[in-house]
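Q: One structure, as structure tokens, below. Some questions next.
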Amino acid sequence: MDNLTIDDKPFRATTIQLQSVPLLLIQGGSGMLGCGYFSMEAAEKFGDALAVVTGVKNYDDMLKAEVKKASAKALELGVRPGMSGREALLLMA
């Protein structure tokens, strides 16, 4: 687990190297930004704030990538598809 700071806000980041791709997750206090490996259906079922970005290989890619999907809870926090991962994380800090 890694600690990240974005605009003086703390986040926890985790990488799990799978056989073909890394599974990437960055967690804030109110929600998380995940790679395309994460299930939006599970996030909805459990009421979690999740934004998903795709085509990423590291944390920097995640921050720059466009949010493709956001759970209802993430939408309540102001996260919207089309914004950057960085913008989404700051809303879920």
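Q: Which residue out of Thr54, Thr15 is touching a residue at least 12 places away in the same chain (Cβ under 8 Å) and touching a Pro at 6+ places or on another chain (Cβ under 6 Å)?
A: Going through Thr54, Thr15 in turn, the sole match is Thr15.
Q: Sticking with this one: If you go through the stretch 28-60 one residue at a time, how many are acidic (Asp, Glu) and either assigned to a strand (DSSP E or B) or crowded, with 16+ Cβ neighbours inside 10 Å (or both)?
A: 1
Q: A follow-up question, please. Here is a check on your reading of the model: is Ala51 closer than 11 Å to Gly85 by Cβ and modelled with pLDDT of 95 or more?
A: Considered against the rule, which asks whether it is closer than 11 Å to Gly85 by Cβ and modelled with pLDDT of 95 or more, Ala51 comes out as yes.
Q: So how many residues does the stretch 7-22 have that are closer than 17 Å to Arg86 by Cβ and surrounded by 14 or more Cβ atoms within 10 Å (Cβ to Cβ)?
A: 3
Q: Being out of contact with any Leu (no Cβ under 6 Å at 6 or more places or on another chain), touching a residue at least 24 places away in the same chain (Cβ under 8 Å), outside any loop (DSSP other than H, G, I, E, B) and buried (at least 16 other Cβ atoms within 10 Å of the Cβ) narrows it down to one residue among Leu25, Leu63; which is it?
A: Being out of contact with any Leu (no Cβ under 6 Å at 6 or more places or on another chain), touching a residue at least 24 places away in the same chain (Cβ under 8 Å), outside any loop (DSSP other than H, G, I, E, B) and buried (at least 16 other Cβ atoms within 10 Å of the Cβ) holds for just one of Leu25, Leu63, which is Leu63.
The values are calculated or read from the model by the stated rules, or taken from the named source; none is laboratory data. Because the structure is a prediction, the values reported are computed rather than measured. Note that each Cβ is placed from the backbone with ideal geometry, even for glycine, and that neighbours are counted across all protein chains shown.
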